[in-house]
Amino acid sequence: MLQWCRSSAPSGGTHVRRLRSRLHPSIDLLTPHRWSYRKTFSTMPRTTATVSEGGAGDLHAPRRSYQVVVAATRDMGIGKDGKLPWKLPRELKFFKELTSAVADPGRNKRNAVLMGRRTWESIPRQFQPLPGRLNVVLTRSGIAGVESTEDVLLAGSVSSALELLSASPYCSSIESVFVIGGGEILREALDAQLCDAIHITEIETDIDCDTYIPAIDLSVFKPWYSSLPVVENNIRYSFVTYIRVRNSPILESQPLSGIEKFNVECFSFLPKMILERHDEFAYLKLVQEVLSSGTRKVDRTGTGLMSKFGLQMRFNLRKSFPLLTTKRLCWQWTVDEFLKFISGSTNVKLYDAIDKIMSCTDDQGIILLSYNPLSDTQSDSAGLPYCPLVAQFYVSNGEVSCQAYQESVDVALDLPYSIASCALLTCTIAHFCGLRSSDLIQAVGDAYVSDCHILPLQEQLERLPRPFPSLKIDGRGKDIGSLTAIDFELMDYHPCS
């Protein structure tokens, strides 16, 4: 939820409109040419009523939902001989920050970490219990020398623990619940509908394990955030958050009409440190920067606008495709324009870039111009002028990154499509080179917003992003110049209406 706050107006004064927020009736949106905003986050967990085994009408207290926190290898290995088979101090720091942070520390709230007996016993004595959190330990027979205290709660099962946390005094003092291990508990927790999110440290390095958990069902969970890869103690890994978007998995034999709709009501239950890392905030922050600190100008048609020079955004292409969700974009138009581009005069340059990437990945001059700078005009057969003026590609660790530069761009109308087009170009080149897509860095010279687009952009800034869609490229048996629209499949695009 966003709250708009009036800040100093530009010289000469400005007309201020009031717009009642759709998010909450108490919020007024002030819309001068210069403004600022602050975000407020709701961290209300989901609950569901449970029925006791003794009778169908005996309702217990509702059970809380939870989030899973785990580190796992590619084949979902999580441990060896009852211990973590890696030493990653930065990962442990992330775990502590994630499970300790609350939305409002001043309200005497904290989080709960739910674990099995063996996980508890694997924690060094000097760190028991994990500080600043309620440690919920699952055991059917008790633990010698351990009793329920202010910081430790014993429970017999995941279900009973969630019921306890839904009752007084924990219902008002515990903000979020995190399930942290071990293997048996994680296997149960990942399959349950009360699992709202999975925060996983994805370890890319091969490490021998003897304890495993099931793979994440990507028809139920979608990526919300993925960090850039980190290398620590010769182990390469990244932090990824998946959020639940459906209550049940999609079966291969299931007809399209029977597939449960994408459940995208609200993801504000996520910890703030995760919620704000969605890549779409890169675009939203750029919009905010142009509107709040841009220079007032008038274009050649006499239209007033706000302009800001030298801005940059970064998008991670490893898990998802950056098609904006805070407003609906036309995917078919994006693909059609891309196909015109790769079938025009740029086609030769595109083949040259692919040849350089495949034959000499250390070449620092893999640069693609989107139009011929020696020609003032282009015929329709040559393809339409493409959004980025210059695109430079970089190859590392079997991944292709792209930095695209635009001389000037309309932030409201053109920039969202430019992001999608540059991402599509990067993913397509990576696909035909047999590599993985990595990062898109989008640089803009003159980023401007016309006066008529200020109010729509302010309304767009009210909305929280939703999970980005994913992209599948086929093109089997084709070269890049003979691709058609059916070779690009966009999956699970559910933007705000």
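The values are calculated or read from the model by the stated rules, or taken from the named source; none is laboratory data. No experiment lies behind these values; they were computed from the predicted model shown. FYI the Cβ positions are ideal-geometry reconstructions off the backbone, even for glycines, and counts take in every protein chain you see.
Which residues, counting only those in the stretch 281-293, are surrounded by fewer than 21 Cβ atoms within 10 Å (Cβ to Cβ) and either not in a helix (DSSP H, G or I) or not aliphatic (A, V, I, L, M) (or both)?
Phe281, Lys285, Gln288, Glu289, Ser292, Ser293
Under 7 Å between Cβ atoms, at least 6 apart or on separate chains: pull out the pairs that start in the stretch 283-296 with a residue that is under 13 Å from Gln442 (Cβ atoms) and end on any residue that is among the small types (Gly, Ala, Ser) and buried (at least 21 other Cβ atoms within 10 Å of the Cβ).
If the second residue must be among the small types (Gly, Ala, Ser) and buried (at least 21 other Cβ atoms within 10 Å of the Cβ), the pairs left are Leu286/Ala447.
Considering only residues that are outside any strand (DSSP E or B) and within 21 Å of Ile216 (Cβ to Cβ), which ones fall in the stretch 65-95? Even if it seems obvious, please write down each step before you answer.
Just the residues of the stretch 65-95 that are outside any strand (DSSP E or B), to begin with: 65, 74-76, 81-82, 84-95.
Result: Ser65, Arg74, Asp75, Met76, Leu84, Pro85, Trp86, Leu88, Glu91, Phe94, Phe95.
If I filter the stretch 179-207 down to residues being crowded, with 16+ Cβ neighbours inside 10 Å and among the small types (Gly, Ala, Ser), which single residue comes out as nearest to Ser268 (Cα to Cα)?
Filtering first and then ranking leaves Ala197.
Which of the residues spanning the stretch 388-445 are within 21 Å of the chain's Cα centre (by Cα), part of a strand (DSSP E or B) and more than 30 Å from Met306 (Cβ to Cβ)?
Glu399, Val400, Ser401, Arg436, Ser437, Ser438
If we keep just the residues of the stretch 452-475 that are charged (D, E, K, R) and buried (at least 18 other Cβ atoms within 10 Å of the Cβ), which is farthest from the chain's Cα centre (by Cα)? Outline the logic, then answer.
Restricting attention to the stretch 452-475, the residues satisfying the condition of being charged (D, E, K, R) are 459, 462-463, 466, 472, 474.
Within this subset, residues satisfying the condition of being buried (at least 18 other Cβ atoms within 10 Å of the Cβ) are 462-463, 466.
Working: Glu462: 18, Arg463: 15, Arg466: 8 Å.
By that ranking, first place goes to Glu462.
Restricting attention to the stretch 185-211, which residues are of a type in the set (Ser, Thr, Tyr), outside any loop (DSSP other than H, G, I, E, B) and under 25 Å from the mean Cα position of the chain (by Cα)? Reasoning before the result, please.
Here is the first cut: in the stretch 185-211, the residues of a type in the set (Ser, Thr, Tyr) are 201, 205, 211.
Narrowing further to those that are outside any loop (DSSP other than H, G, I, E, B): 201, 211.
If the condition is that a residue be of a type in the set (Ser, Thr, Tyr), outside any loop (DSSP other than H, G, I, E, B) and under 25 Å from the mean Cα position of the chain (by Cα), then Thr201 is the only one that fits.
Which members of the stretch 327-339 meet the condition of being over 12 Å from His494 (Cβ atoms) and of a type outside the set (A, V, I, L, M, F, W, C)?
Of everything in the stretch 327-339, those that are over 12 Å from His494 (Cβ atoms) and of a type outside the set (A, V, I, L, M, F, W, C) turn out to be Lys327, Gln332, Thr334, Asp336, Glu337.
Which is crowded, with 16+ Cβ neighbours inside 10 Å and touching an Asp or Glu at 6+ places or on another chain (Cβ under 6 Å), of Ser238, Ser227?
Details: Ser227 fails: touching an Asp or Glu at 6+ places or on another chain (Cβ under 6 Å).
Ser238 is the lone residue from the list that is crowded, with 16+ Cβ neighbours inside 10 Å and touching an Asp or Glu at 6+ places or on another chain (Cβ under 6 Å).
Tell me, please, whether a residue that is among the charged types (D, E, K, R), exposed (fewer than 11 other Cβ atoms within 10 Å of the Cβ) and assigned by TED's automatic domain parsing to the domain that holds Ile207 can be found in the stretch 113-123. Walk me through how you get there before you give the answer.
Taking the stretch 113-123 and keeping what is among the charged types (D, E, K, R), we get 117-118, 121.
With the extra rule that they be exposed (fewer than 11 other Cβ atoms within 10 Å of the Cβ), the set shrinks to none.
Looking through the stretch 113-123, none of the residues is among the charged types (D, E, K, R), exposed (fewer than 11 other Cβ atoms within 10 Å of the Cβ) and assigned by TED's automatic domain parsing to the domain that holds Ile207.
Residue check: is Ser168 assigned by TED's automatic domain parsing to the domain that holds Thr99, surrounded by fewer than 14 Cβ atoms within 10 Å (Cβ to Cβ), part of a helix (DSSP H, G or I) and polar (S, T, N, Q)?
Here the answer is no, as Ser168 does not meet what is asked.
I'd like the residue in the stretch 212-247 that is assigned to a loop (DSSP other than H, G, I, E, B) and β-branched (Val, Ile, Thr) and, out of all such residues, is farthest from Thr73 (Cα to Cα). So that I can check it myself, show each step before the final result.
Let us first name the residues in the stretch 212-247 that are assigned to a loop (DSSP other than H, G, I, E, B), namely 213-220, 227-229, 233-234, 245-247.
From the residues that got through so far, the ones that are β-branched (Val, Ile, Thr) too are 213, 216, 220, 245.
Values: Ile213: 10, Ile216: 12, Val220: 20, Val245: 24 Å.
That would be Val245.
If you check Ser141, Ser100, which single one turns out to be surrounded by 17 or more Cβ atoms within 10 Å (Cβ to Cβ) and without any contact (Cβ under 8 Å) to a residue 60 or more places away in the chain?
Numbers: Ser141 fails: surrounded by 17 or more Cβ atoms within 10 Å (Cβ to Cβ).
Every option except Ser100 fails the conditions.
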